[in-house]
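Trainee: I'd like to ask some things about the structure below.
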Amino acid sequence: MRLKIIEEFGLGGLPRDRQDHYLLLVGDLLFRAVITRATQKLAETDESLLDKLDKLVDTVGEDYTLVLDFLLQNVPGYQQIFTEEIERLKKMSLAVFGVMPETVVQGE
């Protein structure tokens, strides 16, 4: 996920501390969007997995990696959801800033 965000949002040329800052911001937005859609998908397909996901989220705190691994293994179409949400965030950045995300980041 980290490398995908760096690539998609043009963070590769930034110093590590700035990359980490933007990764935290974008990663949090992306995680929230993906988990919302994934829970909707699980509610439609397998309630027992939704219960397992709830328990996992309660126990892992902010360790997104474990939650994302669970989603990857158990949510049909997870990769598509992830890709669509990245594109949606990029479009939102364009709508808000009038430029693609990498331009905003480089211009700071």
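Coordinate-derived values only; no laboratory data. This is a predicted model, so every value here is computed, not measured. Quick reminder, even Gly has a Cβ in these numbers, built from the backbone with ideal geometry, and neighbours come from all protein chains shown.
Trainee: Given the condition out of contact with any strand residue (DSSP E or B) (no Cβ under 9 Å at 6 or more places or on another chain), surrounded by 12 or more Cβ atoms within 10 Å (Cβ to Cβ) and of a type in the set (Asp, Glu), answer yes or no: does some residue in the stretch 11-23 qualify?
Mentor: yes
Trainee: Here's something else I'd like to know. So how many residues does the stretch 73-89 have that are without any contact (Cβ under 8 Å) to a residue 24 or more places away in the chain and at positive phi?
Mentor: Residues that pass the stated criteria total 0.
Trainee: List, please: which pairs have Cβ atoms under 6 Å, are six or more places apart or on different chains, and start with a residue in the stretch 58-72 that is touching a residue at least 60 places away in the same chain (Cβ under 8 Å) and end with one that is in a helix (DSSP H, G or I)?
Mentor: Close Cβ pairs (under 6 Å, with a partner that is in a helix (DSSP H, G or I)) amount to Tyr64/Phe31.
Trainee: Filter the stretch 1-59 for residues that are of a type in the set (A, V, I, L, M, F, W, C), more than 19 Å from the chain's Cα centre (by Cα) and assigned to a helix (DSSP H, G or I) and give the result.
Mentor: Ala43, Leu49 - these are the residues of the stretch 1-59 that are of a type in the set (A, V, I, L, M, F, W, C), more than 19 Å from the chain's Cα centre (by Cα) and assigned to a helix (DSSP H, G or I).
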